[in-house]
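Notes follow once the structure below has been shown.
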Amino acid sequence: MTDNLENIPALMQDIGAAAKDAAGTLAGATAEAKNRALTEAANSLRANEAALLEANAKDMQAGADKGLTGPLLDRLALDAARIDAMATGIDQIAALDDPVGFVMDRWQRPNGLDISRVRVPLGVIGIIYESRPNVTADAGSLCLKSGNASILRGGSESFHSSTAILACMQEGLKLANLPAAAIQMVPTTDRAAVGEMLTMTDYIDVIVPRGGRSLVERVQTEAKVPVFAHLEGICHTYIDAGSDPDMARDIVLNAKMRRTSICGATETLLIDRRAAATHLPMILDALTGAGCEIRGDADSQALDGRIGAAKDEDWKAEYLDAVIAVKQVDGVEEAVRHINTHGSEHTDAIVTDDAEAAETFLNGVNSAIAMHNTSTQFADGGEFGMGAEIGISTGKMHARGPVGVEQLTTFKYVVRGSGQIRP
C-alpha cells in the first residue's frame, strides 16, 4: 500500500477489525506460542540486517533532504549494533514471565465465595510515535507478550525502516501460528490516519502517544480512546552540597552527554549554591570538553565565563541536543520547587551523600521516576529489567513510568461459588 490510499476511514476500520479479531486469539494464546513468535522475530531482525539498513538509508537520506537536525537524525538512524540491540530486547521480553493469568490476589468470603483478581490483556493498543524506528519492535513485542494486538503509526521520517521491521515481526507471528494482524502498522503517512485512530473506540482500547509536546497535546485533545501520555523529558539533575564532586561530575556528564537525543537526557542542572564553587567548575570542564553548550543564571555566569545567559524558556526546554541549562538554588527544597514548576514529571535525580536530603528530594518531586546518585539516562524500561518499554508515562492513572508488559494489562475479578444465592 502507498501514500495514495484514498479512503482512510475504510482503511482504518479494516485495520481495527483485524486487530480486534487478533486480540481475541492472543488473549487465549499460550506463553510458549507468544515467546516463539518473539524469538523468531528477533532471529528475523538479525537475518535481515542488510534489508533493514537499506530501508533505513532511504529514511536517512529523506531526513537529510528535509533538513532534520543532527539529534533527530540520530534518533532515526539504524546500524548493526542498534539492530542487534532491538533483537536482544525482544529476546529479553520473551524471557520475562507471562503476565496474563497471574493471580494478583485471592480471598474467600464468609459465604464461601472464592474471589480472585487476575491479570488480563487490555485488548488492542494503538501506538503513535515519531522518528525512532526501534519503537516498532519494542512496542509490538511488549504488546504481544502481554496478549494485546497493536496498531502502530510511526512517523513519516521512519516509514521505510518501520515497514522493514514490521515484516520481521510478522514473520515471527506466522512461524508461531499466530495471526499477522496481531502487529499491524498504518500503511500510509497521511495524517488523517491519526485522526481516525483517536476516535476508533469500537476497536482500540488505549492510545499511547510517544513523541514531542505537539503530538501528545493533539492526542490528548482529540482522542476519544483512553490515553497513556508520554510527555517530553524535561529532566533535571540536582547537585546537593553534601555530594562527592567526582561522582557529581561523572553523573552529570553521563546524564547529559551519553546520548543527548533520548527523553531521559538531563536538560537542566541545578546546583546547591554552597557547592557551586567546589563542584561546578569541574562539571563544566567535563561538559564543555564533550562539546556541550552551557546556558545559566546570572550567579552561574558570574562564576564561569563559559556560561551563556539563560532565558526564561531555557528552564522548560527539552533540547535533545548538546545544550544544558544551569541554575544555582538554595538547597533541596528550592530544587524540588523548581522541578515541580518547570519539569515535565518525567525523570529527575539528586546527587548527594546526605540521606535526609535524598529522602526530601525523592518524596518531594512529582516525577514518574525519581533517582538518587545515578544518571537520568537509566530512565528506560530495558534498564529497569522490563526488556523494553512502550514509553515513559507521565500521567498518574493506571500506568506511570516505564510502560512494560505488566503495565499493558488490566485485571478482572473471577468469582467461584458452589450454588450461593444472595439473600
> When the chain is fully extended, how far beyond the present Cα-Cα distance does D330 get from A298, taking 0.36 nm per residue of separation?
Replying inline: 10.1 nm
> For K311, K58, what's the fewest-to-most ordering of other Cβ within 10 Å of each Cβ?
Replying inline: K311, K58
>> Counting only GluC sites (Glu not before Pro) that sit in a DSSP loop (anything but H, G, I, E, B) with at most 14 other Cβ atoms within 10 Å, what is the longest stretch of the chain containing none of them?
In response: 7-382
> Given 5 Å bins starting at zero, what is the percent of C-alpha pairs of the range 19-91 in each, up to the one with the largest pair distance?
Replying inline: 3, 14, 18, 15, 14, 13, 12, 7, 3, 0
> When the Karplus curve 6.51 cos²θ - 1.76 cosθ + 1.60 is applied with θ = phi - 60°, which whole-Hz ³J(HN,Hα) does each residue of the range 247-257 get, with x for Gly and Pro?
Replying inline: 4, 4, 4, 5, 5, 5, 4, 5, 4, 8, 9
> How about K412: which lysines have a C-alpha closer than 28 Å to its C-alpha, ignoring those fewer than 8 places off in the same chain?
Replying inline: K20, K34, K145, K224, K396
>> Taking 2.2 N^0.38 Å as the expected size of a compact globular protein, what ratio does the Cα radius of gyration of the range 157-219 give against it, to two decimals?
In response: 1.29
> In whole Hz, what ³J(HN,Hα) sequence does the range 169-186 give by Karplus (6.51, -1.76, 1.60; θ = phi - 60°), x for Gly and Pro?
Replying inline: 5, 6, 4, x, 4, 5, 5, 9, 6, 10, x, 4, 6, 5, 10, 10, 10, 4
> Under 13 Å Cα-Cα from K316, which aspartates and glutamates qualify once same-chain neighbours fewer than 8 residues away are excluded?
Replying inline: E232, E267, E345
>> Nearest 5 percent is fine: what portion of the DSSP beta bridges confined to the range 282-423 is antiparallel?
In response: 15 percent
>> Taking each pair of distinct Cα atoms in the range 235-378 once, what is the resulting Kirkwood hydrodynamic radius in Å?
In response: 14.4 Å
>> If amide hydrogens are placed 1.01 Å from N in the peptide plane, which non-local residues have theirs closer than 5 Å to the one on C235?
In response: E267, T268
>> I'd like the projected area of the range 49-110, averaged over all directions, using the convex hull of its alpha carbons. Report it in nm² with one decimal.
In response: 7.5 nm²
> Non-local amide H neighbours of E293 (under 5 Å, H modeled in plane, Pro and chain starts lacking H): which ones?
Replying inline: V323, I324
> In the range 192-243, what trypsin sites (Lys or Arg not before Pro) fall in a loop by DSSP, with at most 16 other Cβ atoms inside 10 Å?
Replying inline: K224
> For the range 110-145, list residues with backbone N below 18 Å from a point placed 7 Å from the Cα of K412 toward its Cβ?
Replying inline: 114-125
> Under the rule of -39500 (n - 2.57) per DSSP H run of 4 or more residues, summed and divided by the residues of the chain, what mean residue ellipticity at 222 nm is obtained, to the nearest 500 deg cm²/dmol?
Replying inline: -13000 deg cm²/dmol
>> Averaging over every viewing direction, what projected area does the convex hull of the Cα atoms of the chain cover, in nm²?
In response: 23.9 nm²
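Determine the gain in length on full extension of the stretch R337-E217; use 0.36 nm per residue of separation and subtract their C-alpha separation, reporting nm with one decimal.
Working: separation 120, 0.36 × 120 = 43.20 nm, distance 2.44 nm.
Full extension of this stretch gives 40.8 nm more.
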>> Using Cβ counts within 10 Å as a stand-in for footprinting exposure, how do H346, H160, H372 rank, fewest first?
In response: H372, H160, H346
> Relative to the present Cα-Cα distance, how much length would full extension add between L175 and N7 at 0.36 nm per residue of separation?
Replying inline: 57.3 nm
> Under 5 Å between amide H atoms, partner at least 5 residues away or on a different chain: which partners does V227 have, H built in plane at 1.01 Å?
Replying inline: I207
> Tell me, what HN-Hα J-couplings in whole Hz come from the Karplus equation 6.51 cos²θ - 1.76 cosθ + 1.60 at θ = phi - 60° for each residue of the range 337-347, using x for Gly and Pro?
Replying inline: 4, 4, 5, 5, 8, 10, x, 10, 6, 9, 9
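A short reminder: the numbers here are calculations on the coordinates, not readings from a lab. Remember, predicted model here, so these are calculated numbers, not experimental data. For neighbour counting, all protein chains shown are included, and Cβ atoms are generated from backbone atoms with ideal geometry for every residue, glycine included.
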